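The values are calculated or read from the model by the stated rules, or taken from the named source; none is laboratory data. Computed from a predicted structure; not experimentally measured. Cβ placement follows ideal geometry from the backbone for every residue including glycine, while neighbour counts extend to all protein chains displayed.
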Amino acid sequence: MANPWAGEVELVIDGKARVMRLTLGALAELEAALEAGSLLDLVRRFEEEIFSARDVLALLAAGLRGGGADMTAADLARAEIAGGPRAAARAAAELLARAFMDPGEPS
């Protein structure tokens with residue numbers, strides 16, 4: 001079970017609940033993978049709902065590795081995600097928001 005106060009988000013992939021978390025290493029990896037310029041650019045795309053499927057896959061893959069799973073964006077592209085693309089995008093946005101959330105504020 002995911003702990004939102006620790007920045008964790010749960011997503012069911014291929015029938016297995018996975019916990020994702022964006023560690024500092026995962027954020028650095030994400031920044032490099034997306035060549036986004038900055039994480040602020042990525043946050044802005046999610047806030048304005050102009051993100052791409054590539055953004056979602058990269059974010060989820062980084063979060064999964066931050067949570068201890070060894071999955072790549074290519075693995076995720078072939079996986080069955082409970083709730084489909086909409087749930088994947090929602091989880092990616094929540095993961096990004098929780099990475100920068102003040103622990104004292106509600107999610």
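Look at (1) more than 12 Å from A97 (Cα to Cα); (2) surrounded by 17 or more Cβ atoms within 10 Å (Cβ to Cβ); (3) of a type in the set (A, V, I, L, M); (4) at pLDDT 95 or above and you find that L30 fails only one, number (4). The residues of the stretch 33-78 that are of a type in the set (D, E, K, R) and either closer than 16 Å to F100 by Cβ or at pLDDT 85 or above (or both), listed by number, are D41, R44, R45, E47, E48, E49, R54, D55, R65, D70, D75, R78. Residue count for the stretch 60-102 under the criterion of being hydrophobic (A, V, I, L, M, F, W, C) and in contact with a helix residue (DSSP H, G or I) (Cβ under 7 Å, 6 or more places away or on another chain): the result is 16.
Scanning the stretch 54-107 for residues that are over 12 Å from the mean Cα position of the chain (by Cα), exposed (fewer than 15 other Cβ atoms within 10 Å of the Cβ) and in a helix (DSSP H, G or I) turns up A74, A77, R78, G84, P85, R86.
Sort through L42, L22 and tell me the only one that's closer than 22 Å to D75 by Cα and either assigned to a loop (DSSP other than H, G, I, E, B) or of a type in the set (D, E, K, R) (or both). Talk me through it step by step, then tell me what you get.
Working: L42 fails: either assigned to a loop (DSSP other than H, G, I, E, B) or of a type in the set (D, E, K, R) (or both).
Of L42, L22, the one residue that is closer than 22 Å to D75 by Cα and either assigned to a loop (DSSP other than H, G, I, E, B) or of a type in the set (D, E, K, R) (or both) is L22.
Among the residues examined, L11 qualifies as of a type in the set (A, V, I, L, M) and touching a Lys or Arg at 6+ places or on another chain (Cβ under 6 Å).
Being under 23 Å from E80 (Cβ atoms), surrounded by 12 or more Cβ atoms within 10 Å (Cβ to Cβ), touching a residue at least 12 places away in the same chain (Cβ under 8 Å) and touching a helix residue (DSSP H, G or I) at 6+ places or on another chain (Cβ under 9 Å) is true for just one of V12, V43. Which residue is that? Result: V12 is the single residue among V12, V43 that is under 23 Å from E80 (Cβ atoms), surrounded by 12 or more Cβ atoms within 10 Å (Cβ to Cβ), touching a residue at least 12 places away in the same chain (Cβ under 8 Å) and touching a helix residue (DSSP H, G or I) at 6+ places or on another chain (Cβ under 9 Å).
The single condition from (1) more than 27 Å from M1 (Cα to Cα); (2) in contact with a strand residue (DSSP E or B) (Cβ under 6 Å, 6 or more places away or on another chain) that G63 fails is (1). Cβ separations smaller than 8 Å between residues 6+ apart or across chains give the following pairs from the stretch 66-95 residues that are touching a residue at least 60 places away in the same chain (Cβ under 8 Å) to residues that are loosely packed, with under 14 Cβ neighbours inside 10 Å and in a helix (DSSP H, G or I): I81/A87.
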